[in-house]
Amino acid sequence: MAHYQRMGDVPPKRHTQHRGPDGELYYEELMGEEGFSSDSSLLYHRHVPSALVDARPWALPEQATTANAPLLPRHLAPHTLFADAAGQVDADAVAKTDAVTGRRLLLGNADVRIGYVVAGAPSPLYRNATGDECVFVEDGTALVESVFGDLVVGPGDYVVMPRATTHRWVPTGDAPLRLYAIEGNSHIGPPKRYLSRYGQLLEHAPYCERDLRPPTPPHEEEDRDYEADGGFEVYLKHRGTGPGASGGLVGTVHVLPHHPFDVVGWDGCLYPYAFNVADFEPITGRVHQPPPVHQVFEGHNFVVCNFVPRKVDYHPLAVPVPYYHSNVDSDEVMFYVAGDYEARKGSGIGVGSITLHPGGYPHGPQPAAIEASLGAERFDELAVMVDTFRPLDLGEGGAACDDGAYAWTWAGGRNGA
Ligand SMILES: [Fe+2]
């Protein structure tokens, strides 16, 4: 994220004395990617940012995965993970679930993990040291507080949170907060082909800097409870092995003597931001446009795309739904967020569904959807897609909400029946 921002109280010259109103020296912290060789920000803390008073293990939610074998396309129904026997959201359970510790792992590999949670409780302070997070808000509203300041987020927002940023999710409003969490083992940002050599979003990009919402300026000290008996707990997810490791990840709780949101000012090009999917301007054409036109972000070995309401292919003989395609290098995960997804008519897919179409297997519309799409002028659909360049395994949440029948829907049933 190479779009410079400056918030709060920063000194005119970097790495020089910066003092508060009583003459106390602030503590400068550089938060930078790729070993001082990529984007960074400088933050000015009231307290020593590395101060610790205690540490203990955090038992992460189950991170182990099982292979997608025999290889099949799959339909996951993540809403059911947080529903009661009647299929309604389980309000009692959700009231106690938070957006970080309550995540259920749906799919994952060595590059990215996709989780889902319906949350009603504030999360603990949290820092993901394995990579950037790109969290899509399916529904509900939240205040995302961070060491950089706050983001007010709602339906359709992506929240891009840089690796190792201390933050927490606080649901606001009455609707449960529904989050689709894409956790990279790398950094996540705009596709490189949309960036100038110095990092500005180019004219052919489907969004620009004006569409990205930075955090509010840091809070004044008196806004928060900066002192607490026993310190402030930060839940830290990091890579590792050994006792307590799950799927190559380890959890630790750090106890800090001071609240980590003690920053008086910061500046730089590294910070969390929000982007609403409604601000993505779709790229359309006379004939079918390939999925990369829908790309919004990329990480190492995966991309994030979104399919938004749009005018569709306008050649007089156009077939608006996709051709069958064999993504020989990718697994493709589609999360159906809203609207009416044309290509999946007749397959049981609806809002809240997730499909996995693995590499090595061709996929495309259910046959009835092709004829039904002819002559359409608009698709009213909203979906978020993650394509990975290495195979995805099923997490415990994914295995628990797999419908087990999707693979046979093109043939009319298992064994063609
Ligand atoms: Fe596809």
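Every listed requirement among (1) more than 14 Å from the ligand (Cβ to nearest atom); (2) closer than 30 Å to Glu281 by Cβ; (3) of a type in the set (Asp, Glu) is met by Asp387 save one, (1).
Just one of (1) within 16 Å of the ligand (Cβ to nearest atom); (2) modelled with pLDDT of 95 or more fails for Ala369. It is (2). With respect to Val234, determine if the residue is outside any loop (DSSP other than H, G, I, E, B) and touching a Gly at 6+ places or on another chain (Cβ under 8 Å). For Val234, the condition - outside any loop (DSSP other than H, G, I, E, B) and touching a Gly at 6+ places or on another chain (Cβ under 8 Å) - is not met. Among residues of region 364-375 that are touching a residue at least 24 places away in the same chain (Cβ under 8 Å), those with a beta-carbon under 6 Å from a residue that is of a type in the set (Gly, Ala, Ser) and within 16 Å of the ligand (Cβ to nearest atom) at least six positions away or on a different chain give the pairs Pro365/Ala343; Gln366/Ser347; Ala369/Ala343. When residues in region 155-210 are screened for being in contact with a helix residue (DSSP H, G or I) (Cβ under 7 Å, 6 or more places away or on another chain), touching a residue at least 40 places away in the same chain (Cβ under 8 Å) and among the small types (Gly, Ala, Ser), 1 of them pass.
Listed by first and then second residue, the pairs linking a residue in region 321-340 that is touching a residue at least 24 places away in the same chain (Cβ under 8 Å) to a residue that is of a type in the set (Lys, Arg) and within 13 Å of the ligand (Cβ to nearest atom), with Cβ atoms under 9 Å apart and 6 or more places separating them unless they lie on different chains, are Met334/Arg344; Tyr336/Arg344.
Of the numbered criteria (1) within 16 Å of the ligand (Cβ to nearest atom); (2) free of Cβ contacts under 8 Å to residues at least 40 places away in the same chain, the one Thr284 fails is (1).
The residue of region 311-339 that is nearest to the ligand (Cβ to nearest atom), among those that are within 23 Å of the chain's Cα centre (by Cα) and either among the basic types (Lys, Arg) or open to solvent by 20 Å² or more (accessible area, probe 1.4 Å) (or both), is Asn327. Looking only at region 350-363, residues that are more than 13 Å from the ligand (Cβ to nearest atom), open to solvent by less than 70 Å² (accessible area, probe 1.4 Å) and without any contact (Cβ under 8 Å) to a residue 40 or more places away in the chain come to 1 in all.
Tyr273 - would you say it is more than 16 Å from the ligand (Cβ to nearest atom), of a type in the set (Phe, Trp, Tyr) and farther than 30 Å from Pro162 by Cα? Taking the combined requirement at face value, the residue does not satisfy it. Just one of the listed residues (Arg46, Arg14) is open to solvent by less than 70 Å² (accessible area, probe 1.4 Å), more than 29 Å from the chain's Cα centre (by Cα) and over 30 Å from Asp403 (Cα atoms), namely Arg46.
Among the numbered conditions (1) under 21 Å from Val234 (Cα atoms); (2) acidic (Asp, Glu); (3) open to solvent by 10 Å² or more (accessible area, probe 1.4 Å), the only one that Asp139 does not meet is (1).
Selection of region 152-184 for residues being crowded, with 19+ Cβ neighbours inside 10 Å and farther than 18 Å from Cys305 by Cα yields Val153, Pro162, Arg163, Thr165, Thr166, His167, Arg168, Trp169, Pro171, Pro176, Leu177, Arg178.
Of all the numbered requirements in (1) surrounded by 19 or more Cβ atoms within 10 Å (Cβ to Cβ); (2) within 22 Å of the chain's Cα centre (by Cα); (3) within 30 Å of Leu202 (Cβ to Cβ); (4) not hydroxyl-bearing (Ser, Thr, Tyr), Asp111 misses one, and that requirement is (1).
The values are calculated or read from the model by the stated rules, or taken from the named source; none is laboratory data. Predicted, not measured: the structure shown is a model, and the values here were computed from it. Heads up, the Cβs are rebuilt from the backbone with ideal geometry, glycines too, and the neighbour counts pull from every protein chain shown. Side chains are part of the model used for accessible areas, which takes the heavy atoms of the whole protein and leaves out ligands, DNA and RNA. Shrake-Rupley method; radii C 1.70, N 1.55, O 1.52, S 1.80 Å.
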